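Visitor: Sending over a structure as structure tokens; questions will come in a sec.
The values are calculated or read from the model by the stated rules, or taken from the named source; none is laboratory data. Fair warning: this is a prediction, and the values are worked out from it, not measured in the lab. Don't worry about glycine lacking a Cβ; one is built from the backbone with ideal geometry, like all the others, and counts go over all protein chains shown. Surface areas here come from the heavy atoms of the whole protein model, side chains and all, with no ligands, DNA or RNA. Shrake-Rupley method; radii C 1.70, N 1.55, O 1.52, S 1.80 Å.
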Amino acid sequence: MISEDELSRYKRQIMIFGEEGQEKLKNAKIFVAGAGGLGSPVLYYLAAAGVGTLVVADRDKIELSNLNRQILHRSADIGYEKVFSARDKLTALNPEIEVITFDGTIDSSSAERIVGDADGIVDAMDNFATRYVLNETAVDKSIPLFHGAVRGFHGQATTIVPGETGCLSCLFPNAAPAEVSPVLGTTPAIIGSIQANEVIKYLTGRGRLLTNRLFIWDGLEAESTIMPFAKNPKCTVCAGRK
Ligand SMILES: [Zn+2]
């Protein structure tokens, strides 16, 4: 049930998708991998919209060099675990939601357990090794993966619905090399907002998802392009699976 306070808090979006849509958000659990540049806008907007349970996973502590883009965290938070900083900010923004933290590494031995019974996974990571683990977990559990990645002024996003669309390995069979890449804060702000928008569309059943399409953002030219892609029948992760 939606309380009087919640009716007021979410009034302007209930005008879009009704109390029924708000209930769907409230009853949802979303796993967000990463509380950094992409995770900050994703988590802020999902918390503000009233997604009932957010599971935040990150193994890092806050460093000074994070603060040009990781807007969940503040100068006074340096040295503090990102997941606890995230929990503090998100529950201050919206005490109606629950924030569950996982302060550790996401790998093939932990992913199944920490994703648990989540309704979707947001890829707010900065490396492909973890992205592939998230992709396999999403395919195994048959839950969507909301992918985002950024570099400099450039970013990309896509929504993967296992069984219906190509997966991350269909799109990128080979990992980009791990590196410390340049990032301007506005790039993850744009891409993370698209990921959060996709999660809200998926949960409320509104609009057309960014499926089988890679959204590519060029912030220097202020241009976006859409690259269509399809399921790879020889994909090592999703071929032959529901
Ligand atoms: Zn695949």
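Visitor: Averaged over every viewing direction, what's the projected area of the C-alpha convex hull for the stretch 175-242? Give it in nm², one decimal, please.
Guide: The orientation-averaged projected area of the Cα hull of the stretch 175-242 comes to 6.8 nm².
Visitor: Simple spin-label model, 7 Å along Cα-to-Cβ: Asp218 to Thr236 in nm?
Guide: 3.2
Visitor: Length gain on complete extension for the stretch Ala76 to Arg206, per 0.36 nm per residue less the alpha carbon to alpha carbon distance?
Guide: Once the chain is fully extended between Ala76 and Arg206, it gains 42.9 nm.
Visitor: Let me ask something else about it. Round to a whole number: what % of the accessible area of the stretch 4-228 belongs to carbon and sulfur, probe 1.4 Å?
Guide: Details: 5120 of 10240 Å².
The C+S portion of the solvent-accessible surface of the stretch 4-228 is 50 percent.
Visitor: Compare Thr225, Thr101, Thr186 in a GNM of the chain, Cα atoms joined below 10 Å, and give the one with the largest fluctuation.
Guide: Looking only at Thr225, Thr101, Thr186, the largest GNM fluctuation is found for Thr225.
Visitor: Let me ask something else about it. Considering only Val115, Val183, Val32, give the residue with the highest GNM mean-square fluctuation for the chain, with springs between Cα atoms whenever their separation is below 10 Å.
Guide: Sorting by GNM fluctuation, first place goes to Val183.
Visitor: For the stretch 128-234, how big is Rg over Rh, using alpha carbon atoms and the Kirkwood form of Rh?
Guide: Looking at the stretch 128-234, the ratio lands at 0.95.
Visitor: Would you mind working out the magnitude of the charge dipole of the chain relative to its Cα centre, with +1 at each Lys and Arg C-beta and -1 at each Asp and Glu C-beta, to the nearest 20 Debye?
Guide: Dipole of the chain, to the nearest 20 debye: 500 debye.
Visitor: Express in nm, to one decimal, how much length is gained between Arg151 and Leu64 on full extension, taking 0.36 nm for each residue of separation and deducting their alpha carbon distance. Mind dumping the intermediate values first?
Guide: On the way: separation 87, 0.36 × 87 = 31.32 nm, distance 1.91 nm.
29.4 nm is the gain from fully extending Arg151 to Leu64.
Visitor: Of Ser65, Ser85, Gly52, which is farthest towards the positive pole of the stretch 13-93's charge dipole, taken about the Cα centre with +1 and -1 on the beta-carbons of Lys, Arg and Asp, Glu respectively?
Guide: Of the candidates, Ser65 comes out farthest on the positive side.
Visitor: Using per-residue counts of other Cβ atoms within 10 Å, averaged over each peptide, order 15-23, 145-153 from highest down.
Guide: Taking the mean over residues of other Cβ atoms within 10 Å, the ranking is 145-153, 15-23.
Visitor: Scanning the chain for helices, which whole DSSP H stretches are 18 Å or more long along the axis (Cα) and average -1.0 or more by Kyte-Doolittle?
Guide: On the way: long enough: 128-141 (19 Å, -0.21); 186-204 (27 Å, 0.47).
For the chain, where a helix must reach 18 Å along its axis and average at least -1.0, the hits are 128-141, 186-204.
Visitor: Which one of Ala157, Ala47, Ala111 has the biggest mean-square fluctuation once the chain is modelled by GNM with Cα springs under 10 Å?
Guide: Ala111
Visitor: Let me ask something additional. First measure r as the distance between the Cβ atoms of Thr225 and Asn174, then evaluate 1/(1 + (r/R0)^6) with R0 = 25 Å and state the FRET efficiency to the nearest 0.05.
Guide: Efficiency for this residue pair is about 0.70.
Visitor: Would you mind computing, in nm to one decimal, how far apart the modelled labels at Arg113 and Ser8 are, each placed 7 Å from Cα along Cα→Cβ?
Guide: 4.3
Visitor: Continuing with this model, one more query. I need to check one value: relative contact order of the stretch 4-228, counting alpha carbon pairs closer than 8 Å and at least 6 residues apart, in percent.
Guide: 21
Visitor: Please give the net charge around Ala57, taking every other residue with its beta carbon less than 10 angstrom from that of Ala57, where Lys and Arg add +1 and Asp and Glu add -1.
Guide: 0
Visitor: How much of the DSSP bridge set in the chain is antiparallel, in percent, rounded to the nearest 5?
Guide: 50
Visitor: Okay, next question. How many angstrom lie between the C-alpha centres of the stretch 30-62 and the stretch 110-171?
Guide: For the stretch 30-62 versus the stretch 110-171, the Cα centre distance is 14 Å.
Visitor: I'd like the FRET efficiency for Asp88 and Ala129, computed as 1/(1 + (r/R0)^6) with the beta carbon distance as r and R0 of 35 Å, rounded to 0.05.
Guide: About 0.75, to the nearest 0.05.
Visitor: Moving to a separate point now. Taking the alpha-carbon distance from Lys24 and a cut-off under 14 Å, which aspartates and glutamates remain once sequence neighbours fewer than 8 residues away in the same chain are dropped?
Guide: Glu6, Asp119
Visitor: Still on this structure, I have one more. Keeping all protein chains in place, calculate the accessible area per residue for the chain (probe 1.4 angstrom), answer in Å². Walk me through the intermediate numbers first.
Guide: Numbers: 11570 Å² over 242 residues.
Ligands and nucleic acids excluded, the figure is 48 Å² per residue.
Visitor: So for the stretch 133-242, taking the charge dipole from beta-carbon charges (+1 Lys/Arg, -1 Asp/Glu), which of Gln156, Ala189, Pro228 sits furthest toward the positive end?
Guide: The listed residue farthest towards the positive side: Pro228.
Visitor: Shifting gears a bit: Quick one: work out Rg over Rh on the C-alpha atoms of the chain, Rh as Kirkwood radius. Working shown, then result.
Guide: On the way: Rg = 17.1 Å, Rh = 18.1 Å.
Radius of gyration relative to Kirkwood radius: 0.95.
Visitor: Still on this structure, I have one more. Around Thr211, with a cut-off of 15 angstrom between Cβ atoms, what is the net charge of the other residues, counting Lys and Arg +1 and Asp and Glu -1?
Guide: Residues near Thr211 contribute +2 overall.
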